[in-house]
């Protein structure tokens, strides 16, 4: 029997007054809904704690749900088990006077509590349901934000400084390369002049004379070739000198370049940490609604359906209580309560009458005692007066002289 009445105890009703099959089914259903709601509240509270901790999955998240579930279940049991007994006209047999009218305050408070739980608990459960889609959307949003931060802010300023340093390195390299290029062109011209001198010495050149006598065209070409080679050598030396002169500045720019790269990496790490930290409850809720707006039939319909189902589960026990007002169980409870109240009221009235009679008897006895005390006081007063008179007479007689 205890096992059969377990759900009735959960629903906070007296099994002795659940007389009909319909009432038994009703209150067992309420007990089942209360137990289901207990599990829902535990899981929902754990999900809320997990979302509040930015999904770090703290071990104590499962310790928050049971007290919350116990508090709400206690509220539901108070609402379900409450019978609004009418204690007026206790001697009347009219069945319409057994129960009072329903009060809206108790049920309104439970509905407000259900809406609050729907927002606080149902939302984390739905976010956990769509975790994969939300993570993918947040990844896209974070990448866009990181790209925007790369193109503006501190990283862009550091990059402009690096570009300036690279431009200075390129300018220095270009100056040295120009000198080497000029030296190479002079060597090419010297080689060309020397080849012409060789052809002229073979009588295949401009002068058509063999040999290379001093002062001739061939000799002039040789001298020109030597002069160009000497100029090329001087230019290479000048390029080396310029390169050595540029070395301190290059080292300084290399140091600045390394420092700027470190600052850029640090800023990128900071930006990534800042951007990826925007993945908590608020950001995930915004992402969820963005997905709902983009694809209502893919996300929104199922989201709203499950949310409505959980809200109905939250309110089911109180709703069944609300629509079953005045059932057989409540009338039986009301009759027992009115019978006990009438019995207590009559007992109280009898006690009042007994107390009143005892008070009257005590008052009468007190009046008798007072009257007797007054008679006694009067008798004592008279006796005292007579005794004093006799003593005075005796004294007077003793003092009168005998003739």
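All of the numbers you see were taken from the coordinates with simple rules; none came from a lab. These numbers come from a predicted model, not from an experiment. Counting neighbours? That spans all protein chains shown, and the Cβs are built from the backbone with ideal geometry, glycine included.
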query = Under a plain spin-label model, where a point goes 7 Å from the Cα along Cα-to-Cβ, how far apart in nm are residue 320 and residue 233?
reply = 11.0
request  = Sort the range 244-403 into rounded, prolate or oblate with this rule: let a ≥ b ≥ c be the square roots of the eigenvalues of the Cα gyration tensor; rounded if a/c is under 1.5, and if a/c is not under 1.5, prolate when a/b is larger than b/c, oblate otherwise.
outcome  = oblate
ask   = Pick from 266, 190, 383: which is most flexible by mean-square fluctuation in a GNM of the chain where alpha carbon atoms under 10 Å apart are linked?
value = 383
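Multiply the residue separation of residue 241 and residue 286 by 0.36 nm, subtract the distance between their alpha-carbon atoms, and state the gained length in nm to one decimal.
9.8 nm
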query = Which residue fluctuates the most in the chain, going by a Gaussian network model with Cα springs under 10 Å, if the choices are 365, 39, 326?
reply = 365
task = For the range 8-119, report the translational diffusion coefficient in µm²/s to the nearest whole number, using Stokes-Einstein at 37 °C, 0.692 mPa s, and a Kirkwood Rh over Cα pairs.
result = 199
note = In whole µm²/s, the translational diffusion coefficient that Stokes-Einstein assigns to the range 1-69, given a Kirkwood hydrodynamic radius over C-alpha pairs, 10 °C and 1.306 mPa s, equals 116
request  = Sort out for me the Cα centre separation of the range 243-290 from the range 48-94, rounded to whole Å.
outcome  = 51
task = For the range 275-356, report the translational diffusion coefficient in µm²/s to the nearest whole number, using Stokes-Einstein at 10 °C, 1.306 mPa s, and a Kirkwood Rh over Cα pairs.
result = 86
remark   = Taking Cα atoms only, Rg over Rh for the chain with Rh from the Kirkwood formula is 1.65
task = Please report the base-10 log of the normalised intensity I(q)/I(0) for the range 330-378, using a Debye sum with one equal scatterer per alpha carbon and no solvent, at each q in 0.21 (1/Å).
result = -0.75
ask   = What is the distance, in nm, between label points placed 7 Å from the Cα along the Cα-to-Cβ direction at residue 389 and at residue 22?
value = 9.6
√(5λ) per eigenvalue of the Cα gyration tensor, the range 91-158, largest first, Å = 60, 14, 6
ask   = Which distance in nm do the two modelled labels at residue 263 and residue 335 give, with both placed 7 Å along the Cα-to-Cβ direction?
value = 9.0
ask   = Taking neighbour Cβ counts within 10 Å as the exposure measure, how do 122, 285, 269 sort from fewest upward?
value = 269, 285, 122
